[in-house]
Amino acid sequence: MAKLWKGRFSKELDSRVNDFNSSVSFDSAMYREDITGSIAHVSMLGRQGIIAADDAKKIASELAAILDDIDEGKLTIDPEAEDIHMFVEEELTKRLGSTGKKLHTARSRNDQVAVDLRMYLRKRIDEICGMLRKLIETLVAIAEKNLETVMPGYTHLQRAQPITLAHHMMAYVEMFKRDMTRMFNCFELMNFSPLGCGALATTTYPIDRDFTAKMLGFDAPCANSLDGVSDRDYCVEFCAASALTMTHLSRLSEEIVLWCSWEFKFVELDDAYATGSSIMPQKKNPDICELIRGKTGRAVGDLTTLLTMLKGLPLAYNKDMQEDKEAVFDSVDTLKQCLSIIVPMLATAKFLPENMLAAGKRGFINATDCADYLVKKGMPFRDAYGVVGRLVALCVERGVTLDALPLDDYRKESELFDKDVYEAIDLITCVKGRNVVGGPAPQAVKKHIEQIKNTVLKPIEEQ
Ligand code: ARG
């Protein structure tokens with residue numbers, strides 16, 4: 001296809017250069033934003049008398065028709081086109097003849113692509129936040145059912161202190177809540193319109209940048225045209241927010257992988273969300289979690305791609321920037337795919353409270369509580385720590401747990417021990433005792449759940 005910019009050139013482009021240069025295979029994903037942006041641009045051109053109002057109207061309605069035709073599958077995007085911007089303009093000119101050629105007045109692809117990508121990402125951020133909200137809803141539902149489901153809390157993957165499944169799930173809620181905020185922040189910072197920045201230095205036509213910014217839902221036009229066409233901070237910020245969200249999903253996935261193992265058996269995945277082995281008949285594998293964990297690498301890679309691509313670029317637009325889209329699109333697709341699968345997987349998973357409790361019982365996770373028992377009776381903490389350390393060693397030697405150790409043995413270590421020690425080191429007592437803001441006590445977690453329901457989970461119209 002002849003290039004729209006062919007005037008300056010005396011030779012046809014080498015077909016390898018054509019392929020190398022082309023971005024239509026991926027930027028066609030932004031056809032809707034491209035056409036919407038063009039409609040705003042041409043409406044402004046008409047309003048300002050830069051082109052005849054009649055022509056502007058014709059162009060705008062033909063652009064709308066092109067959009068419908070692509071939506072309905074009546075028009076396929078030509079894979080030979082240089083990019084989506086060229087394709088749309090060429091199609092318009094095919095349909096309208098020389099009137100179509102007026103669309104690109106007072107504009108460049110450099111501001112055009114920047115507008116398109118911002119609009120595209122705004123939409124994706126909305127979708128992702130909706131999905132994060134669903135995930136939070138699912139985790140809260142699990143938490144509500146498991147306020148008293150005692151399990152070991154870990155440090156160094158060693159059983160440490162008693163918590164509940166609710167408390168554990170709500171930790172992830174906090175992470176995903178921050179992820180949502182990061183996505184919103186990214187949206188807010190990028191919601192400025194590059195349209196009218198032109199190739200780099202705006203234009204001599206009397207354009208109205210405020211009008212197009214408003215029409216396209218931006219807060220204002222970008223304040224500097226060089227920055228407007230060369231800023232890709234929003235891509236970096238989006239990929240950073242995505243990579244961190246993926247990292248959180250990956251940590252959760254890693255825990256589910258562990259919890260599915262016979263070594264833990266804290267959870268049983270629904271058959272619809274697990275997979276088998278081609279050789280080992282007994283296997284039920286948490287492939288979904290492993291894939292989420294694995295795909296996190298791509299998200300981190302996308303972020304690295306963008307930062308590396310940008311770091312040496314002089315102002316303003318450089319073709320390197322065409323590489324931004326594949327990284328951004330890959331992050332969008334990966335994150336959305338992972339979010340869409342983890343929600344039903346979690347919602348259908350069966351947690352196994354008996355196994356969690358059994359693990360808790362075997363881990364001396366009430367040892368701190370046992371020491372605190374002595375402290376409450378007047379012993380300095382460091383001494384109490386020593387006493388309980390020796391008791392634990394005795395239990396290990398005998399192969400018993402602290403609650404099975406006879407009172408005599410306790411009293412040999414300290415006269416302060418009495419039979420109420422057994423109540424004090426009961427796991428549910430230990431959990432209930434941690435009734436501090438942010439703690440695992442059912443009451444404390446319940447408050448946290450309420451707070452989440454009244455903020456993140458509140459329907460938008462009630463916020
Ligand atoms: N396909 C290009 C991109 O993605 C559009 C901008 C092209 N601008 C240019 N001056 N060649 O960045």
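Just so it is clear, none of the values below were taken in a lab; they were calculated from the coordinates. Bear in mind that the values here come from a model prediction, so they are computed numbers and not experimental data. Every residue, glycine among them, receives a Cβ derived from its backbone with ideal geometry; neighbour counts consider all protein chains shown.
Can you bin the chain into rounded, prolate or oblate? Criterion: square roots of the alpha carbon gyration tensor eigenvalues sorted a ≥ b ≥ c, rounded for a/c under 1.5, prolate for a/b above b/c, oblate for the rest. Note, shape of the chain comes out prolate.
Out of segment 238-344, which trypsin sites (Lys or Arg not before Pro) are coil in DSSP terms and have no more than 14 other C-beta atoms within 10 Å? Let's see the in-between values first.
Values: sites: R251, K265, K283, K284, R293, K295, R298, K311, K319, K325, K336; in loops: K265, K283, K284, K311.
Passing both the DSSP loop test and the Cβ count: K283, K284, K311.
From the cross-link list K3/K57; K177/K458; K377/K412; K11/K58, which pairs have alpha carbons spaced over 23 Å apart? Mind showing how you got there, number by number?
Details: K3/K57 26 Å; K177/K458 13 Å; K377/K412 16 Å; K11/K58 34 Å.
With Cα atoms farther than 23 Å apart: K3/K57; K11/K58.
For K265, give me every one of the lysines with a C-alpha distance below 16 angstrom, ignoring sequence neighbours fewer than eight places off in its own chain. In chain and number order, the partners are K283, K284, K350, K361. Applying the criteria of a DSSP loop state and at most 15 other Cβ atoms within 10 Å to the GluC sites (Glu not before Pro) of segment 229-278 yields E263. Computed from Cα atoms, the angle from the helix 233-260 axis to the main principal axis of the chain rounds to 30 degrees. Mind checking the angle between helix 381-398 and the chain's longest principal axis? C-alpha axes, 0 to 90 degrees, to the nearest 10. Compared with the principal axis, the helix lies near 80 degrees.
The aspartates and glutamates within cross-link reach of K336, meaning a Cα-to-Cα straight distance under 14 Å and a gap of 8 or more places when in the same chain, are D126, E127, D179.
Please list, ordered by chain and number, the residues whose modelled amide H lies under 5 Å from the amide H of M151; skip anything fewer than 5 residues away on the same chain. Under 5 Å from the amide H of M151: I163, T164, L165. Model label points for L457 and N285, set 7 angstrom from Cα along the Cα-to-Cβ axis, are 3.5 nm apart. To the nearest ten degrees, helix 287-310 and the longest principal axis of the Cα atoms of the chain are 50 degrees apart. Checking every one of the trypsin sites (Lys or Arg not before Pro) in segment 1-91 against DSSP loop status and a limit of 11 other Cβ atoms within 10 Å picks out K11, K74. Amide H contacts of T275 (H built 1.01 Å from N, in plane; Pro and chain starts excluded): N285, D287 sit under 5 Å, all sequence-distant by 5 or more or on other chains. Only lysine pairs 8 or more places apart or on separate chains count here, and in segment 62-143 those with Cα atoms under 29 Å apart total 7. Remark: segment 136-151, residue by residue, has Karplus-estimated 3J(HN,Hα) of 4, 4, 5, 5, 5, 4, 5, 4, 4, 7, 10, 4, 10, 7, 6, 9 Hz, where x stands for each Gly or Pro and the curve is 6.51 cos²θ - 1.76 cosθ + 1.60 at θ = phi - 60°. From most to least packed by mean Cβ count within 10 Å, the peptides 429-441, 117-129 give 117-129, 429-441. Across all Cα pairs in segment 257-341, the calculated P(r) in 5 Å bins from zero up to the longest distance comes to 3, 12, 17, 16, 12, 11, 9, 7, 5, 5, 3, 1 percent per bin.
Just want to confirm a number: the relative contact order over the chain, from Cα pairs under 8 angstrom separated by 6+ residues, in percent.
On the way: 623 pairs, mean separation 73.3, N = 463.
After rounding, I find 16 percent.
With 5 Å bins beginning at zero, the pair-distance distribution over Cα atoms of segment 11-79 amounts to 4, 15, 19, 17, 14, 14, 13, 4, 1 %.
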